[in-house]
1. Give the share of C-alpha pairs in each 10 angstrom bin for region 11-79, from 0 to the last occupied bin, in whole percents, shortest bins first.
2. For region 1-45, what mean projected area does the convex hull of the alpha carbons give, in nm²?
3. Quick one: if you take sqrt(5λ) for each eigenvalue of the C-alpha gyration tensor of region 147-238, what semi-axes come out, biggest first, whole angstrom?
4. Calculate the all-directions average of the projected area of region 304-359's alpha-carbon convex hull, and give it in nm².
5. I'd like the distance separating the alpha-carbon centroids of region 157-171 and region 36-86, in whole Å.
6. Ranking request for peptides 18-28, 35-45, 221-231: highest mean number of other beta-carbon atoms within 10 Å first, then the rest in descending order.
């Protein structure tokens, strides 16, 4: 259904171009300038619509929602560090999610601590989540345990009614006693369960119990503790700092080899941090389910978007708005300058300098001048001509405001 509309829009655009050229006495200058404006507007408009569409359909095997995070994570240009800072995740830092308030403790020493002490040493940011869950859903959890105990008691009663031998009667009697005790200890059991899941997380956070994780370059899962993963991240961070220091002194970056190495290390660091945060969230969700048992897991709060994610949302709609304005000839000169400014920011993030690595999915081998620079210059050229009055809403605005005038081929 969308393709016929697309083809109709394209045919209408071509027809409008022909009519506008006819009105300007078949001027080739008008034809090519309008054609250039419509082509650039089309490019901006559908680039933005495509990005919006990826968010509407969500992640799938063949599609991922648009995100500029990885593009900026490896950006070597002057705006690279600033743009990377915009994608710092909102909320608690990794260190606060994996370390207690009382400093580091050796894994061997932590393993020797009593159960209650280990649970109390659960990092505060995570322990508070479990404590809040206990306060808000204690009644539901206790009720779930009591329901489970009632089911066990009913089964024990049925077994006792069917028991014939002394051994069967004794076993059924014991099961009845256990079910009653479980029901009476429901609140105590809930507290024990809460402390148990906190201890489980603390054992991983303090380096005692490993969990399987994926490491770049290793085919199978690797058992690692949180402290080992933090150490790996610190190792990558140190290597990134070392490479960036070398680049600042201008050592050996004539062919972009060091720049490419630094970009790969930045990508590895970003991936390692992102994977660890995802695993922490998955572990916390696992603990919530373990604590609640058969009770329904409460809806998770909506994640807080980082500045970079908010910027992505703005970028998608900015492209649509600028593309629509350029195609429709509405505030054309302002739209052209705004589009050129956007392309200039993109250029400064990933400049095609010989000593910088090419950004992902780059076509050809640009040196100093790439498609962003060319399209930006073309927009600035368009901003010097009244193309919106030749074809667009600017002509209507000009006539309404009383400043309209006929624009011949020499305008």
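Values quoted throughout were computed directly from the atomic coordinates according to the rules given, and no laboratory measurement underlies them. Bear in mind the structure is a predicted one, so any value in this text is a computation, not a measurement. In this analysis, Cβ positions are derived from the backbone assuming ideal geometry, glycine residues included, and neighbour counts consider all displayed protein chains.
1. Calculated P(r), rounded to whole percents: 17, 28, 23, 20, 13, 0.
2. Details: hull surface 12.1 nm².
Averaging across all directions leaves 3.0 nm² for the Cα convex hull.
3. Details: eigenvalues 463, 53, 17 Å².
Gyration-tensor ellipsoid for region 147-238: 48, 16, 9 Å.
4. Values: hull surface 20.5 nm².
Result: a mean projected hull area of 5.1 nm².
5. Comparing the Cα centres of region 157-171 and region 36-86, I get a distance of 69 Å.
6. On the way: 18-28: 14.8, 35-45: 20.6, 221-231: 17.8.
Result, highest mean Cβ count within 10 Å first: 35-45, 221-231, 18-28.
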